[in-house]
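S.K.: Questions regarding the structure given below will be posed in turn.
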Amino acid sequence: MAEHAEGTPRAEQAEHAASTEPAARAGRPAYPVGLRLSGRRVVVIGGGQVAQRRLPALVAAGADVILISPSATASVEAMAEAGEITWTRRRYEDGDLADTWYALVATSDPLANEAASAEAERTRTWCVRSDDAEAATAWTPATGRSEGVTVAVLTGNDPRRSAAVRDAIVEGLRDGSLIAPHHRSREPFVALVGGGPGDPDLITVRGRRLLAEADVVIADRLGPRDLLDELPPHVEVIDAAKIPYGRFMAQEAINNALIEHAKAGKSVVRLKGGDPFVFGRGMEEAQALAEEGIACTVVPGISSSISVPGAAGIPVTHRGVAHEFTVVSGHVAPDDERSLVDWKSLAKLRGTLVILMGVDKIGAIAEALIAHGKSPETPLALIQEGTTAAQRRVDATLATVAEAVRTHEVRPPAVIVIGDVVAVGAGRPRS
């Protein structure tokens with residue numbers, strides 16, 4: 001065998017090596033690498049659906065993208081019109097890949113794809129083939145991003161599996177079920193997180209991730225309590241209602257607690273019910289942190305003003321019924337000098353009125369609305385513990401609501417909806 005090999009002409013040996021090289025490459029895994037394409041020439045051949053999916057990531061990477069195609073989808077054309085890419089409106093020609101760092105070949109013409117791929121091989125340009133992965137010199141991974149982390153998954157010729165693995169990892173990072181703590185030192189940091197109306201599934205994925213990364217969580221009574229049970233044992237959970245106030249007002253004590261833990265180098269989450277800026281005093285906390293030079297991010301939450309009525313089958317707006325909705329605080333009575341609500345004007349509105357924190361004042365509120373012209377027969381609903389397992393709905397009218405609260409022993413937290421939208425849908429008997 002050795003003598004036979006030695007006697008083989010060089011041309012035959014080269015031909016044999018060339019014929020076996022693709023087969024040898026086929027069984028080997030791809031070498032993963034992150035390409036830094038900012039300011040570098042990238043050529044995309046073909047303007048169809050494949051290009052439409054791939055172009056946004058190339059643009060986001062800062063690549064100098066040249067599209068070569070006689071036609072393009074509407075989305076791709078819009079990118080060209082916006083100046084995000086340069087569009088050469090013709091078919092591929094030999095030489096188009098000169099000085100190119102990376103190429104994506106994605107036309108419906110097999111001959112053009114073969115020719116472009118051959119040029120990429122000659123010019124040592126990494127090339128992705130949408131029609132033939134085995135003929136390509138590069139593969140596009142299934143890619144996802146979450147808070148500065150890029151996840152790229154390759155599973156050979158099984159793109160659906162790649163996408164499924166990618167989705168599982170990114171979702172885990174986003175919702176906190178896959179915890180990847182930071183190991184570099186961080187500046188003092190506080191996140192004001194809106195926890196939503198009560199159901200733990202209704203917190204945002206960003207809010208849930210920040211909870212999973214927290215060292216300290218200062219929680220309100222109305223925050224999604226079930227999420228606190230899921231936190232790792234090392235996380236310090238502080239009930240905001242039990243912070244010792246001393247000579248401070250309750251809010252001042254909470255502000256001081258946020259500042260103290262942040263300055264100790266902890267990652268702090270202030271977990272609130274609903275949205276931090278909807279009657280949540282979130283801005284007071286953000287201002288206190290800013291005065292101390294502490295970085296703060298606000299994570300919006302689903303407000304109970306719209307989510308709780310929705311969970312109870314009440315749309316706050318409905319075509320032909322209500323073209324507006326107004327959200328007010330009912331924590332002080334209409335005749336209280338501290339009230340900032342113009343109840344007289346509200347009584348004249350034809351839309352929906354949503355009242356938060358108003359259970360114990362609803363009798364006085366109803367009287368004020370009626371006194372200013374609102375019909376006593378205006379439908380009303382009280383939704384207690386909305387979106388939770390304890391949710392219940394009590395229907396009434398402005399005239400009967402005070403008695404309904406007493407009869408049904410409605411207790412906070414409850415959202416009150418006033419207006420004709422209450423009668424939309426299944427329709428419930430009034431108390």
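The values are calculated or read from the model by the stated rules, or taken from the named source; none is laboratory data. Please read these numbers as outputs of a predicted model, since none were measured by experiment. Quick reminder, even Gly has a Cβ in these numbers, built from the backbone with ideal geometry, and neighbours come from all protein chains shown. Accessible surface areas use protein heavy atoms only, side chains included; no ligands, DNA or RNA. Shrake-Rupley method; radii C 1.70, N 1.55, O 1.52, S 1.80 Å.
S.K.: Which semi-axis lengths, in whole Å and largest first, follow from the square roots of five times the eigenvalues of the Cα gyration tensor of segment 252-340?
M.R.: Semi-axes (√(5λ), whole Å): 33, 18, 10.
S.K.: Report the percentage of all Cα-Cα pairs in segment 330-408 whose separation exceeds 14 Å, rounded to a whole percent.
M.R.: Percent of Cα pairs beyond 14 Å in segment 330-408: 62.
S.K.: Let me ask something else. Nearest 0.05, what FRET efficiency do residue 237 and residue 420 give at R0 = 30 Å with Cβ-Cβ as r?
M.R.: Once rounded, the FRET efficiency stands at 0.10.
S.K.: Taking every DSSP beta bridge that has both residues in the chain, what percent is antiparallel when rounded to the nearest 5?
M.R.: Once the DSSP bridges in the chain are tallied, antiparallel ones form about 35 percent.
S.K.: Find how much the distance from residue 167 to residue 74 grows on full extension, using 0.36 nm per residue of separation minus their present alpha carbon separation; answer in nm with one decimal.
M.R.: Here the answer is 30.7 nm.
S.K.: Ranked from highest to lowest mean number of other Cβ atoms within 10 Å per residue, what is the order of the peptides 305-318, 276-289?
M.R.: 305-318, 276-289
S.K.: Using 10 Å bins from zero, what percent of all Cα-Cα pairs in the chain falls into each bin?
M.R.: With 10 Å bins starting at 0, P(r) equals 4, 16, 18, 16, 16, 14, 8, 5, 2, 1, 0, 0.
S.K.: Now for a separate question. Restricting things to Cα coordinates, could you compute the convex hull volume per residue of segment 224-280 in Å³?
M.R.: Spelled out: Cα convex hull of segment 224-280, divided by residues, is 104 Å³.
S.K.: Give the cross-link partners of residue 348 among the lysines, using a straight C-alpha distance below 17 Å as the criterion and excluding same-chain residues fewer than 8 apart.
M.R.: Residue 348 reaches 374.
S.K.: Taking a virtual spin label 7 Å from the Cα of residue 89 along the C-beta vector, which residues in segment 32-57 bring their backbone nitrogen under 16 Å of it?
M.R.: 46-48
S.K.: All other residues with a Cβ under 11 Å from the Cβ of residue 71 taken together, and with Lys, Arg as +1 and Asp, Glu as -1, what is their net charge?
M.R.: +2
S.K.: Let me ask something else. Keeping all protein chains in place and using 1.4 angstrom, which order do 270, 247, 89 fall into by accessible surface area, from largest down?
M.R.: 247, 89, 270
S.K.: At residue 158 and residue 230, where each label point lies 7 Å from the Cα along Cα→Cβ, what is the point-to-point distance in nanometres?
M.R.: So the label points at residue 158 and residue 230 sit 2.8 nm apart.
S.K.: Sort 403-416, 327-340 by the packing proxy (mean of other Cβ within 10 Å over each peptide's residues), most packed first.
M.R.: 403-416, 327-340
S.K.: While we're here: What relative contact order, as a whole-number percentage, does the chain give when Cα pairs under 8 Å and 6 or more residues apart are counted?
M.R.: So the answer I get is 10 percent.
S.K.: Also: Using a 1.4 Å probe on the protein heavy atoms, what percent of the accessible area of segment 29-80 belongs to carbon and sulfur?
M.R.: With neighbouring chains kept in place, the figure for segment 29-80 is 54 percent.
S.K.: Across 5 Å bins from 0, what is the distribution of all Cα-Cα pair distances for segment 258-411, in whole percents?
M.R.: Computed distribution, short to long bins: 2, 8, 15, 18, 17, 13, 10, 7, 5, 3, 1, 0.
S.K.: So what's segment 49-97 giving for Cα Rg divided by 2.2 N^0.38 Å, two decimals?
M.R.: Ratio of Rg to 2.2 N^0.38 Å for segment 49-97: 1.08.
S.K.: Follow-up. Volume per residue, Å³, of the convex hull around the alpha-carbon atoms of segment 31-162?
M.R.: 113 Å³
S.K.: Between residue 350 and residue 205, what FRET efficiency comes out of the Förster formula 1/(1 + (r/R0)^6) with R0 = 30 Å and r the beta carbon distance, rounded to 0.05?
M.R.: With R0 = 30 Å, the Cβ-Cβ based efficiency is 0.20.
S.K.: Per q in 0.11, 0.19 1/Å, what log10 I(q)/I(0) does a Debye calculation on the alpha-carbon atoms of segment 195-306 return?
M.R.: Results for segment 195-306 at q = 0.11, 0.19 Å⁻¹ read -0.31, -0.99.
S.K.: How many nm is it between the label spots at residue 251 and residue 35, if each spot is 7 Å from the Cα in line with the beta carbon?
M.R.: Placing both labels 7 Å beyond Cα along the Cβ direction yields 5.4 nm.
S.K.: Using the heavy atoms of the protein chains alone and a 1.4 angstrom probe, what is the accessible area of segment 302-350 per residue in square angstrom?
M.R.: With the other protein chains kept in place, segment 302-350 gives 61 Å² per residue.
S.K.: Can you give the extra length, in nm with one decimal, that the chain gains between residue 49 and residue 399 once fully stretched, where that is 0.36 nm per residue apart less the Cα-Cα distance?
M.R.: 120.0 nm
S.K.: Could the peptides 355-367, 71-83, 99-111 be put in order, highest first, of the mean number of other beta-carbon atoms found within 10 Å of their residues?
M.R.: 355-367, 99-111, 71-83
S.K.: Return P(r) of segment 387-427 (all Cα-Cα pairs; 5 Å bins starting at 0; whole %; ordered from short to long distances).
M.R.: 5, 17, 32, 25, 18, 2
S.K.: Local charge sum around residue 298 (other residues, Cβ-Cβ under 11 Å, Lys/Arg +1, Asp/Glu -1)?
M.R.: Residues near residue 298 contribute +1 overall.
S.K.: Whole number in Å², please: accessible area per residue of segment 44-132, 1.4 Å probe, ligands, DNA and RNA not counted.
M.R.: Per residue, segment 44-132 has 52 Å² of solvent-accessible surface.
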